[in-house]
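Working notes for the structure below.
Each value in this text was obtained by applying a stated rule to the coordinates, not by laboratory testing. Keep in mind that what you see is a predicted model, and the values were worked out from it rather than measured. Every residue, glycine as well, gets a Cβ built from its backbone with ideal geometry; the counts of neighbours run over all protein chains shown.
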Amino acid sequence: MPDPVLLITGASRGIGAATARAAAGAGYRVALLARSAEALQDLADELGGPDRALALACDVADWDAQAAAVAATLDTFGRLDAAFANAGVGASRGFLAESVDHWRDMVLANVLGAALTIRATIPALKDSRGHLLVTGSVAGHKPTPGSLYSATKAAARSMAEAARLELHGSGVRVTVVSPGTVDTPFYDDAPGNDPLLAEDVAEAVVFALTRPPRVNVNEILVRPTTQEF
Ligand code: NJP
């Protein structure tokens, strides 16, 4: 059995990069997608180079780019066992805050981008009876005042459940990983006291990935112990 292959969007830093490191440590080969080509290549080199990690510069809002990245993954590694739709963008709260252009980029990355990852990977995941994972958020469970970001993450969570229902019977598992505050470049300065580290979320992803095939961990909600909401 060749080593399994995990495709990760938003792999250039933060939760995606930490998940790539954790999954590589658990024996996965990884396909790394984001727009920052140099950061992806540095991470691919760190994880063992072309036999173990593939850097694929890609805007998740671009269907042709995502389809090409999945095709390149299959060409290089010959299989796809799991896909983690993790790329995402935040925004300040307030319907009068942020620019309309920033809102557009956020909605395209968090909602359309995740949908395109699902669309691009479903055929290969059905072939491998694989695993689809989506990054949600505590904010997707409960809107916060003036947060369009919350709405995008509610959509991501709903999309994952829609995919689970569509894929029922195919052997493909679907997991939403919904973190509270994580200290990543997502924030200039992560709020609260003692936030999660990217590695904490990465461990949750690898936990779901490495359960036996009969076990589908549908959702992991993980907050810092200090976080109330
Ligand atoms: O954020 P950050 P996190 N096309 O900024 C990529 C969610 N979350 O790791 O393209 C392709 O360090 C970007 O790469 P680049 C959050 O909503 C977080 O914390 O090179 N890639 C980078 O790799 C998101 O869904 C917290 O700029 C695009 C990555 O996304 C996920 O966790 C709490 C892209 C962002 O890395 C990872 O966020 C929570 C595009 N169009 C949920 N746009 C938290 N940090 O507290 C962005 O509940 N990326």
> Label points 7 Å out from Cα along the Cβ direction at PHE207 and GLU161: separation in nm?
Replying inline: 2.1
> Does a label point 7 Å from the Cα of VAL222, set along Cα-to-beta-carbon, have any residues of region 129-163 with amide nitrogen under 17 Å, and which are they?
Replying inline: 132-140
> Once region 136-191 is represented by equal point scatterers at the alpha-carbon sites, with solvent omitted, what log10 I(q)/I(0) does the Debye formula produce at q = 0.17, 0.30 Å⁻¹?
Replying inline: -0.62, -1.15
>> On alpha carbon coordinates alone, what is the Rg over Rh value for the chain, Rh being the Kirkwood radius?
In response: 0.94
>> Going 7 Å from the Cα of ARG119 along its beta-carbon direction, which residues of region 57-91 have the amide nitrogen within less than 13 Å of the resulting point?
In response: 60-68
>> For LYS126, project a label point 7 Å along Cα to C-beta. Then give me every residue of region 79-95 with its amide nitrogen under 20 Å of that point.
In response: 79-85
>> At 222 nm, what value in deg cm²/dmol follows for the chain if DSSP H runs of at least 4 each add -39500 (n - 2.57) and the sum is divided by all its residues, to the nearest 500?
In response: -13000 deg cm²/dmol
>> Need the full-extension length gain, ASN193 to ASP64, defined as separation in residues times 0.36 nm minus the C-alpha distance. One decimal, nm.
In response: 42.3 nm
> How far is it, in nm, from the label point at THR76 to the one at ASP45 when both lie 7 Å from their Cα along the line to the Cβ?
Replying inline: 1.5
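Kirkwood hydrodynamic radius, computed over distinct alpha-carbon pairs, for region 50-114: how many Å, to one decimal? Intermediate values should be presented prior to the final figure.
Details: mean 1/r = 0.0735 Å⁻¹.
It is 13.6 Å.
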